[in-house]
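Colleague: Just passing along the structure, written as C-alpha cells.
The values are calculated or read from the model by the stated rules, or taken from the named source; none is laboratory data. All figures in this text were calculated on a predicted structure; none of them were measured in a lab. Cβ placement follows ideal geometry from the backbone for every residue including glycine, while neighbour counts extend to all protein chains displayed. Heavy atoms of the whole protein, side chains included, go into the accessibility calculation; ligands, DNA and RNA do not. Shrake-Rupley method; radii C 1.70, N 1.55, O 1.52, S 1.80 Å.
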Amino acid sequence: MLHHLLNISDITKTDLEHILTVAGNIANQPSRFCEVGKGKILATLFFEPSTRTRLSFESAMLRLGGGVIGFSDMSASSSAKGETIEDTSRVVSSYCDVMAVRHPTAFTPHKMASVATVPVINAGDGANEHPTQTLTDLVTIRQRFGRLDNLTIGLCGDLKYGRTVHSLIKMMSRFKSNRFVLIAPDKLQMPREITRALDRDGVNCRVTGDLEGAIGKLDVLYMTRIQRERFEDKSEYEKLSGVYILDKEKLAAARRDMIVLHPLPRVDEISTDVDGDERAWYFRQAQFGVYARMALMIELLGLSAAADEIAEERRVVVARPA
C-alpha cells in the first residue's frame, strides 16, 4: 500500500493502475464521490508560490467532502520564526489526515515525511520532482489514447530545471515501447543522471534542439516554460527565454491526433492562437489534475474500498435493463 508520495518511483504499477482507474471513474461522474472523504482534512503547506497545484489539491479534497487547512507562503508559516521543517511536520500532522507540501528546496517533503504521522505528498520540491503533476499527465494521456505505451513523447523547453518533465520521463519510461524526443537548448537539456539511467534501461531517447523538425512524429508534445526563478544568473535566462514558441504555424506540421500538454503557467511558449485547436489539451489537463489528486488521496487515506463500491454501483445501474 502507498504510504507517502515523495517520488514518482514510489508508485508501483499496481498502485498506478488503481489510481488511474479511480481517476477515470471520477472524471465520468465526479458528483458520486462527493462524500468519500467526509471528515478528512488536507493540510496544504506551500512554502513556494503556487496557484494551480495548491488550488487543485484544495478543490480535490473539497470535492471529496473533506476540509482544508494550510498556508500559501513561507512568510505565513512558523518557518519565518525559525521553526524547523521537522517540527512543522510533527505539529501539522496532529491537525490533519494528509499533507501536501511544496518547497523550493529539493527533498524537503522527504524530511517532513520522515517524522510525519500522516501521509505526505510531494507537491513539488525545487528542481527535483513533481509526482502529482505526472499523475495528472498520465490520466490525461490515457483519457486521450486509451493507453500509456507505444507512444512518442516530445519534451520541450526547460528540461534541466523542469521537475515536471523529470517525473514524467521516469514514469513513462516504465511502459513498453515508449519513445522520447528531448527538445531543448544544450544549456537546458535533461540532466545527465536521468539520460544515463534511460540509456542503461535501453529506453529509446533522442536529443535535439529542433522543435520544427521533431513535431511531425509526436503523439504528445509536452511544452514547458523557461523558469526565471531557477536561474541565478538572470542574463542567462534572458538569452534562453522565448527560444521555443509553439504557434499555429508550427502546429500545422503536427499530426492531427497529437496532443499538446503543458503543466502551466505558460508565459510565451504557447501562443494563444493555439488555444482553439483540438490538439490543445492543456486546460483539460488542468481539470484532470483535480481528478488525479482526488484518486491519490483516496488511495493514501485508505478509502479505496468505498470508491470501488461507488464505481461498481454505477456499473450495475448502467448495466441494469430498463
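Colleague: By how many nm would the segment from Val207 to Glu313 grow when fully extended, if each residue of separation counts as 0.36 nm and the alpha-carbon distance is taken off?
Modeller: Computed gain between Val207 and Glu313 is 33.4 nm.
Colleague: Now a separate question. Of all the C-alpha pairs in segment 1-133, what % are more than 27 Å from each other?
Modeller: 16
Colleague: Accessible area per residue of segment 78-123 at 1.4 Å probe, in Å²?
Modeller: 43
Colleague: Output the relative contact order of segment 109-157, whole-number percent, from Cα pairs under 8 angstrom with separation of 6+ residues.
Modeller: Reported relative contact order: 18 percent.
Colleague: When only Cα pairs under 8 Å and 6 or more residues apart are kept, what is the percent relative contact order across the chain?
Modeller: Relative CO of the chain lands at 19 percent.
Colleague: Using 20 Å as the cut-off for backbone N distance, which residues of segment 263-299 belong to the label zone defined by a point 7 Å from the Cα of Thr12 along Cα→Cβ?
Modeller: Only 295-299 fall inside the zone, counting backbone N under 20 Å.
Colleague: Over 30 Å between Cα atoms: which of Lys160/Lys248; Lys81/Lys160; Lys13/Lys111 fall into that group?
Modeller: From the list (Lys160/Lys248; Lys81/Lys160; Lys13/Lys111), the Cα-Cα distance tops 30 Å for Lys81/Lys160.
Colleague: Just one of (1) 114; (2) 130; (3) 142 is volume of the Cα convex hull per residue in Å³ calculated from these coordinates, so which is it?
Modeller: (3)
Colleague: At 1.4 Å probe size, with no ligands or nucleic acids counted, give the accessible surface of Phe107 in Å², nearest ten.
Modeller: 100
Colleague: Using a cut-off of 10 Å between beta-carbons, work out the net charge of the residues near Asn150 (Lys and Arg +1, Asp and Glu -1, Asn150 not included).
Modeller: On the way: positive: Arg147, Lys176, Arg179; negative: Asp149, Asp219.
Taking every other residue near Asn150 into account, the sum is +1.
Colleague: Can you give me the % of accessible surface on the chain that is carbon or sulfur? Probe 1.4 Å, all protein chains present, nothing else counted.
Modeller: 50
Colleague: Then there is this: Note down the net charge around Ile11, summing +1 for each Lys or Arg and -1 for each Asp or Glu among other residues with Cβ under 14 Å from its Cβ. Show your work: numbers first, answer last.
Modeller: On the way: positive: Lys13, Lys170, Arg174, Arg293; negative: Asp10, Asp15, Glu17, Glu129, Asp137, Glu299.
Net charge in that neighbourhood comes out at -2.
Colleague: Among Pro104, Pro263, Pro191, determine the one that fluctuates most according to a GNM of the chain built with springs between C-alpha atoms less than 10 Å apart.
Modeller: Maximum among the listed residues: Pro191.
Colleague: Which FRET efficiency, nearest 0.05, do Asp268 and Asp186 yield, Cβ-Cβ r, R0 30 Å?
Modeller: Details: r = 21 Å, r/R0 = 0.70.
It comes out at approximately 0.90.
Colleague: Anyone know which of Ile194, Ile245, Ile183 comes out most mobile in the 10 Å Cα GNM of the chain?
Modeller: Greatest mean-square fluctuation among the candidates belongs to Ile194.
Colleague: Quick one: compute a quarter of the convex hull surface over the Cα atoms of segment 105-187 and quote it in nm².
Modeller: Answer in nm², one decimal: 6.4.
Colleague: What does the C-alpha gyration tensor say about the overall shape of segment 54-115? Classify as rounded when a/c is under 1.5, otherwise prolate if a/b is larger than b/c, or oblate.
Modeller: Prolate, because a/c is 1.5 or more and a/b exceeds b/c.
Colleague: Please check: in the Gaussian network model of the chain (C-alpha springs, under 10 Å), which one of Arg192, Arg142, Arg163 has the largest mean-square fluctuation.
Modeller: Highest fluctuation among the options: Arg192.
Colleague: At 222 nm, what value in deg cm²/dmol follows for the chain if DSSP H runs of at least 4 each add -39500 (n - 2.57) and the sum is divided by all its residues, to the nearest 500?
Modeller: Helix-only estimate at 222 nm: -12000 deg cm²/dmol.
Colleague: Longest exposed-loop-site-free stretch of the chain, with GluC sites (Glu not before Pro), DSSP loop and at most 10 other Cβ within 10 Å?
Modeller: 1-231
Colleague: Can you compute the modelled spin-label distance between Lys250 and Ile69, with each label point 7 Å from Cα toward Cβ, in nm?
Modeller: 4.6
Colleague: Can you give the FRET efficiency for Asp277 and Thr21, using 1/(1 + (r/R0)^6), R0 = 35 Å, r = Cβ-Cβ distance, to the nearest 0.05? Intermediate values should be presented prior to the final figure.
Modeller: Working: r = 30 Å, r/R0 = 0.84.
Given R0 = 35 Å and the Cβ-Cβ separation, E is 0.75.
Colleague: Quick check: the distance between the Cα centres of segment 31-55 and segment 82-135, to the nearest angstrom?
Modeller: Measuring centre to centre over Cα atoms gives 14 Å.
Colleague: I've got another one for you. If Rh is defined by the Kirkwood formula over all Cα pairs and Rg also comes from Cα, what ratio Rg/Rh do you get for segment 162-224?
Modeller: Details: Rg = 11.2 Å, Rh = 12.2 Å.
With Rh from the inverse mean 1/r over Cα pairs, Rg/Rh is 0.92.
Colleague: Enumerate by residue number the trypsin sites (Lys or Arg not before Pro) in segment 12-66 meeting two conditions: DSSP loop (anything except H, G, I, E, B), and at most 13 other Cβ atoms within 10 Å of the site's Cβ.
Modeller: Here the sparse-neighbourhood loop sites are Lys38.
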